[in-house]
Structures are given as C-alpha cells and as structure tokens.
1. Under a Cβ-only charge scheme (Lys and Arg +1, Asp and Glu -1), can you give me the dipole magnitude of the chain about the Cα centre, in debye to the nearest 20?
2. I'd like to check one number: the per residue accessible area of the chain, probe 1.4 Å, reported in Å² as a whole number.
3. Once you've got the GNM for the chain with C-alpha springs shorter than 10 Å, pick whichever of 163, 194, 30 has the biggest mean-square fluctuation.
4. Determine how large the accessible area of residue 132 is when every protein chain is in place; take a 1.4 Å probe and give Å² rounded to the nearest 10.
5. Identify which of the listed values of semi-axes √(5λ) of the Cα gyration tensor in Å was calculated from the structure shown: (1) 32, 27, 15; (2) 27, 24, 16; (3) 26, 20, 18.
6. Run the 1.4 Å probe and let me know the accessible area of residue 53, rounded to the nearest 10 Å².
7. Using only the heavy atoms of the protein chains and a 1.4 Å probe, how would 218, 168, 227, 119 rank by accessible area, largest first?
8. How much space per residue, in cubic angstrom, does the convex hull of the C-alpha atoms of region 123-184 take up?
Amino acid sequence: MAYKLYYWDGIPGRGEFVRLALEEAGADYVDVAREPGGTTAMLKLMKDAGGATVPLAPPFLMDGDRIISHVANILLYLGPRLGLAPEEEDLRYAANGLQLTITDFVAEIHDTHHPIGVSLYYEEQKPEALRRSANFLSERLPMFLGYFERVLVQNPTGHKHIVGNRLSYVDLSLFQVIEGLRYAFPKAMGGFEVNIPALIALHDAVAARPRIGSYLASDRRLSFNESCVFRHYPKLDRQS
C-alpha cells in the first residue's frame, strides 16, 4: 500500500523534507493535496481524525490506518523502513536529535520574513523582518550551519555523512536546508559557504544521487516561492 503524504499544494515547504526521503528510497507514495480534491480531503481528515491521532497541521503521513505528524517524527518512522536511518539504536536517537535541530533552524528561517505573526503579510512587518533577518544572518545562521559542519567533520566514521557510515534522512534534510538558504539569502550564502566546505560537499553528493537527480529534474519537485518557508526578499539579504 502506498504511503500518503499530506501537505499544502504548490509549495515545497516542510513537506519537502519527507518527499526527499520517499524519493531517494523509491517508495510508492501519493502526494495527496496535488491530486484532484486532495486539499479538501486533507482538511477533512484534520477535522475528522479521532482521538490523539488528529494532526494540527500538515505535513503528516498515512501508512495504512496509522497517522504520523511532524517532519522529524515522520522521518523517525520512515527512516528504518526506507533504509535511511542508522542501524544502531544510539545513532537513531542521534539522527532524530539532528533532525529536531533542523526543525528549530527552519522555524528561525521562516521567522525572518514573518517575525510578528504568520497571519500577517510580509508587507505588514517589513521593519521587523529587516531587523530579524540581520540578526539571523549575523548570529543564528553561522551558529546552526557551524554546528552541522562540526558534527559532520567529527563523525568518527567519516565526513561523507552526518551520522553513521551511510546516507540517512538527515543528509537529505541538510541538502534541502542548503538549497532553501541559497534561494532565500543568495548573497549571504555566497559569502558564507567557504566556512562550511563539508556541508557543501554533502549537499553536492546528495544532488548527484541518481534518484534525487531524477526527482530534482521532474515536475514532482516544486519550486521555491514566496508562499514557502524559504522566501527570497532581496532587502532581507546581505553579503555575509
């Protein structure tokens, strides 16, 4: 039975982290909201799912009758099933911890353009967004990317992968983070990437994988846009 991925149509957003894992594994899945009537079905499920399984918001995944919500939780579930998680239990927890840190990072990236409230348009919070982005680029971006670079380089099994000795869903997620940051902050990333050579090498290795390359060239891969988590507003970008 195919996995069912529920996420908003038209934007890569947080759903893209799950799509990359499914695509790399060659898994059979349906991107429900991109199907006719899919968004209506997604909203109905969010209202009608019973008990503790009801998801607050997408992305969430259905595997048979099981519903799993939140990116890191979905990837924790899918990783062993798709061969994208370390075999050792301790390393699986380490992978989950890294993915949760990516979740924190993505939230901060989002808040550069929506620092006051998600219900407000960017145009309604431009001064705050400019201030938030300046702080993000000077302090938070170096902190997060520096951390991931350090963990990658210190991996005792080699720095081709962030955790363990084979590709994991965390590697795929870091690829997406670099892609998104290049879109949102091309000037800042253009100056900063010299500081994270191992992460850039990891990004390039993921992009070169046959299934990922095929996916990136297909119409299944949604383009970044200004409705996404990663948005490019030139005034928020600056040379780092």
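1. 300
2. Result: 48 Å² per residue.
3. Top of the fluctuation ranking is 194.
4. About 80 Å², rounded to the nearest 10.
5. (2)
6. 70
7. These residues rank, largest area first, as 119, 227, 218, 168.
8. Hull volume over Cα atoms, normalised by residue count, gives 82 Å³.
The values are calculated or read from the model by the stated rules, or taken from the named source; none is laboratory data. Everything quoted here is computed from the prediction, not taken from an experiment. Because the Cβ atoms are built from the backbone with ideal geometry, glycine has one as well, and the counts that use them run over all protein chains shown. When the accessible area is computed, the model is the full protein with side chains, heavy atoms only, and any ligands, DNA or RNA have been set aside. Shrake-Rupley method; radii C 1.70, N 1.55, O 1.52, S 1.80 Å.
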